[in-house]
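One structure below.
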Amino acid sequence: MHLHDSSLEVLTQAVVRYAIDRVRLDPPPLDGPRTLAELRAMAGRTITSHGIGGLEALRVFGDVLAPACISVDHPRFLSFVPAAPTEASILFDLVVGASSIYAGSWMEGGGAVFAENEALRWIADLAGFPAAAGGVFVSGGTAGNLSALIAARWKWRHDAEGVHDRTRGLMVASQGAHSSVAQAGRAMDADVVLVPADDAGRMHGRDLTSTIDGLSAHDSARLFAVIATSGTTNAGIVDDLAGAADVCERRNLWLHVDGAYGGAALAAPSVRPLFDGIERADSFIVDPHKWLFAPFDSCALLYRDPRIAKAAHSQQAEYLDVLQDDEWNASDYAHHLSRRARGLPLWFSLATYGTDAYRFAVETTLSVAHAGADLIRQSEHCELVLEPELSVVVFRRKGWTAEQYRRWSEDQLAAQECFVVPTSWAGETVLRYCVVNPLTTVEDLATILDSLS
Ligand SMILES: *Cc1c(COP(=O)(O)O)cnc(C)c1O
C-alpha cells in the first residue's frame, strides 16, 4: 500500500487494460443477476488479513462479479432508465478518480468546479435559465429533488419572517411524479398532495389550480412548492410547464421541474416545445447518467437564484471558516459536503464531441423509439397504450396476463436477448421500453416485438 514499486506497474497495466477493454466491447454482454449463495460460492473469500492481491481481485471482479451485474449500456437493455455513457466520459471518470479532487469548495477544487459549471451552464442555456442561475452536480435525481425542495422550503419560511418556522410544509406534485418526491416529503416531514393527471398522465395548469383551490385554508398556508415532471419515468410524459409556471407566479409558489429522465430532451429541437415554460422554474434537475451519456452517478441541479440554495444548504463550522464566502463553494448548493467532481465526465465529453453531437444523439434515440412505436401500431399482436412523447413507449401484448409478461421477460434475459421488464398502467400489467442508447436500433425493437408474437 502507498508504495510505488514494480507490482504497482503491473497492476496499473492490468486495471487500465480491463477498463479499456470494457469500453471497447460492442456490445457488452447483457449478463444477469446471481443469487447471494451463488456469489458466495463463486467469489470465495476476498477480504483476508494479507490480501489476495490486485490481479486476483481483478480476476474475481471480471469473472464473477461483473457478470452478475446487468450491463446498463447494452443496446437491448430497455428497462427502467438505461444509460449509455460516451467513451470519453467513461475514460475521464478514471481520470477523476485518479486525480484526488475534493470538489466541495473553490479553494480546494476550483479548477474542477469551474469545468463542472461550464457543463451546468450548457444545461441552463438549454432551459433558458438566466445568467445568474447556477447549481451543482449531486448523486442523482433523488438527491437533486430533495435539495431543491429544501431550498424552496427555506425561502417560504424566510419570506414568512418566522411565522412558518415550525409549520409542517406541503407540496403539490403531479400524479406521475417520481417516487423520490414522496421520499423527499418523508425526509422533510412535509406532505405531498397529488394533482390528478389526464389520461396520458400529464398535469395541466387548470388541474393544478383546482387542486390548490380545493385545499383548506390551513393547508394552503402550508403550501410552498409545486413539482412538475418533464418526462415521467413510467411514460415519458411532460407536464404542462407553462401552465404550472402561471399558477406558481400568481400564487408566489416555488416551481421545481423534475427532468431527471426527460430533461435531456431539451437538447432535441424536435421535442423542445414540450418544455416551454421551464425557463420560469425556480429549480430544475436532469440526470446526465440517464439520457446525457454520462456514467453514474450524476444529477445536474440548477437554481434560478442560487443565493437561496446557499442560504438553505451551506454548513457553518470552525473548520470551514477559511473558505471564502464570495467564492463558488459547490457544497453550498445541496444536501452534502464532501463531493466527487462527478460533473467532470460530462464536461470532458461535451468538450470532446461538442454539443451538436449531443443534439444528434438525443434525436437519434427519439427517432428510434418512435419508429418502434410505429412497428407496434402496425403489429397484429401488440398495441400502444399511450402516444409516446419522449423515448419511453408503453404498449400491451394483446391478451397476455401479468404472469405471461413476467415469464417472457425472464426468458428474454436468460437467453441474453434483451432486458425489458413489465410495468403497470392504470392497474394493468403492460410492457415499456426506454431508449437512451444511440446504439439501440429499430431492428433491436423489431426483434423484441417478434419475440412477443
Ligand atoms: C430517475 C428519476 C428520478 C430519480 O433519479 P435517481 O438518479 O435515480 O435518484 C427522479 N425523477 C425522475 C422523473 C426520474 O426519472
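The values are calculated or read from the model by the stated rules, or taken from the named source; none is laboratory data. Quick caveat, the model's predicted, so the values are computed rather than measured. FYI the Cβ positions are ideal-geometry reconstructions off the backbone, even for glycines, and counts take in every protein chain you see. Remember, those area values only see protein heavy atoms, side chains included, never the ligands or the DNA or RNA. Shrake-Rupley method; radii C 1.70, N 1.55, O 1.52, S 1.80 Å.
I'm trying to understand the selection: among the residues of segment 273-305, which are away from the ligand (no atom under 16 Å from the Cβ) and either open to solvent by less than 10 Å² (accessible area, probe 1.4 Å) or among the basic types (Lys, Arg) (or both)? Talk me through it step by step, then tell me what you get.
Of segment 273-305, the ones away from the ligand (no atom under 16 Å from the Cβ) are 273, 276-277, 279-280, 282, 303-305.
Gly277, Arg280, Tyr303, Arg304, listed by residue number.
Could you list all residues from segment 307-324 that are out of contact with any Ser or Thr (no Cβ under 6 Å at 6 or more places or on another chain) and either assigned to a loop (DSSP other than H, G, I, E, B) or buried (at least 18 other Cβ atoms within 10 Å of the Cβ) (or both)? Outline the logic, then answer.
So in segment 307-324, the residues out of contact with any Ser or Thr (no Cβ under 6 Å at 6 or more places or on another chain) come out as 307-322, 324.
Scanning segment 307-324 gives Ile308, Ala309, Lys310, Ala312, His313, Ser314, Gln315, Gln316, Ala317, Asp321, Val322, Gln324.
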Restricting attention to segment 85-95, does a residue exist that is of a type outside the set (D, E, K, R) and on the phi > 0 side of the Ramachandran plot? no
Close pairs from segment 425-448: first of a type in the set (Gly, Ala, Ser), partner open to solvent by 10 Å² or more (accessible area, probe 1.4 Å), Cβ under 6 Å, at least 6 apart: Ala446/Leu375
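Quick grid of which residues meet (1) of a type in the set (D, E, K, R); (2) under 34 Å from the mean Cα position of the chain (by Cα):
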residue	(1), (2)
Asp5	yes, no
Glu9	yes, no
Val15	no, yes
Leu30	no, yes
Ser49	no, no
Gly54	no, yes
If we ask which residues in segment 127-178 are in contact (Cβ under 8 Å) with a residue 12 or more places away in the chain, at negative phi, out of contact with any strand residue (DSSP E or B) (no Cβ under 8 Å at 6 or more places or on another chain) and of a type in the set (Gly, Ala, Ser), their number turns out to be 1
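Output the residues belonging to segment 158-209 that are among the charged types (D, E, K, R), assigned to a loop (DSSP other than H, G, I, E, B) and open to solvent by 60 Å² or more (accessible area, probe 1.4 Å).
The first filter runs over segment 158-209 and keeps only residues among the charged types (D, E, K, R), leaving 159, 161, 165-166, 168, 186, 189, 191, 198-199, 202, 206-207.
The next check asks that each one be assigned to a loop (DSSP other than H, G, I, E, B); those that pass are 161, 165-166, 168, 189, 198-199, 202.
Within segment 158-209, Glu161, Asp165, Arg166, Arg168, Asp189, Asp199 meet the criteria.
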Would you be able to say whether some residue in segment 204-216 is on the phi > 0 side of the Ramachandran plot and of a type in the set (Asp, Glu)? no
With respect to the numbered conditions (1) outside any loop (DSSP other than H, G, I, E, B); (2) within 16 Å of the ligand (Cβ to nearest atom); (3) open to solvent by 40 Å² or more (accessible area, probe 1.4 Å); (4) touching a His at 6+ places or on another chain (Cβ under 9 Å), which one is the sole condition not fulfilled by Ala225? (3)
Yes or no: Asp326 farther than 14 Å from Gly104 by Cα, touching a residue at least 40 places away in the same chain (Cβ under 8 Å), of a type outside the set (A, V, I, L, M) and more than 16 Å from the ligand (Cβ to nearest atom)? no
Checking Leu146 against (1) open to solvent by less than 30 Å² (accessible area, probe 1.4 Å); (2) within 15 Å of the ligand (Cβ to nearest atom), which test does it fail? (1)
Answer yes if at least one residue in segment 362-377 is crowded, with 22+ Cβ neighbours inside 10 Å, over 19 Å from Tyr261 (Cα atoms) and out of contact with any Gly (no Cβ under 7 Å at 6 or more places or on another chain), and no otherwise. yes
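Any idea which residue in segment 248-272 is nearest to Val81 (Cα to Cα), counting only those that are in a helix (DSSP H, G or I) and away from the ligand (no atom under 16 Å from the Cβ)?
Ala267
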Taking only pairs six or more apart or across chains, which ones have beta-carbon atoms under 8 Å, a first residue in segment 298-320 that is basic (Lys, Arg), and a second residue that is more than 16 Å from the ligand (Cβ to nearest atom) and modelled with pLDDT of 95 or more? Arg304/Phe129; Arg304/Pro130; Arg304/Ala132; Arg304/Ala133; Arg304/Asp282; Lys310/Asp332; Lys310/Tyr333
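Checking the conditions here, which among Leu126, Leu120, Leu149, Leu170 is within 20 Å of the chain's Cα centre (by Cα) and under 13 Å from Leu223 (Cα atoms)? Walk me through it before giving the result.
Working: Leu126 fails: under 13 Å from Leu223 (Cα atoms); Leu120 fails: under 13 Å from Leu223 (Cα atoms); Leu170 fails: within 20 Å of the chain's Cα centre (by Cα).
Answer to the selection: Leu149.
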Could you tell me which numbered condition Trp347 fails, if it satisfies all but one of (1) surrounded by fewer than 24 Cβ atoms within 10 Å (Cβ to Cβ); (2) more than 16 Å from the ligand (Cβ to nearest atom)? (1)
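Yes or no: Ala112 open to solvent by 40 Å² or more (accessible area, probe 1.4 Å), more than 16 Å from the ligand (Cβ to nearest atom) and not aromatic (Phe, Trp, Tyr)?
Numbers: open to solvent by 40 Å² or more (accessible area, probe 1.4 Å): no; more than 16 Å from the ligand (Cβ to nearest atom): yes; not aromatic (Phe, Trp, Tyr): yes.
Judged against the criteria, Ala112 is not a match.
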